[in-house]
Amino acid sequence: MTRLVVCRRPGLKGEFVWHTHEDTDELFLVISGRLTIQLRDGDVVLGPGELFVVPRGVEHCPLAEEETAILLFEPAGTINTGDVGGPMTKAAEILG
């Protein structure tokens, strides 16, 4: 069984990196602010209380033009930069 974790990303601002999670979906829930999930075939814009699931294998790049707080729902051990790695890779703040 895969352990699901909830990760909090407070104060998210700016553009992340284009990346893919080959083995897992990734669910974004916006708590405050506005989040654009850039996809190669169009953008998804989310406000407070809205969510979007990026299916496994879909390249995406989160963008927050203003300070935004989100929750991520993903399996434990998921690397935030997916297949890209690099300096933006960091451990998530896992909620209980």
The summed charge of the residue 67 Cβ neighbourhood (under 13 Å; Lys/Arg +1, Asp/Glu -1) stands at +1
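If packing is taken as the average count of other Cβ atoms within 10 Å, what order do 42-52, 27-37 fall into, highest mean first?
Working: 42-52: 12.7, 27-37: 18.1.
Final packing ranking: 27-37, 42-52.
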Env charge @ residue 34, Cβ radius under 12 Å, K,R +1 / D,E -1, value -4
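By how many nm would the segment from residue 59 to residue 20 grow when fully extended, if each residue of separation counts as 0.36 nm and the alpha-carbon distance is taken off?
Stretched out fully, the residue 59 to residue 20 stretch lengthens by 13.6 nm.
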In terms of modelled amide H atoms, which long-range or inter-chain residues lie less than 5 Å from the amide H of residue 25? 56
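Coordinate-derived values only; no laboratory data. Here the structure is a predicted model, which means the values were calculated and not measured. Backbone-built Cβ (ideal geometry, glycine too); neighbour counts: all protein chains shown.
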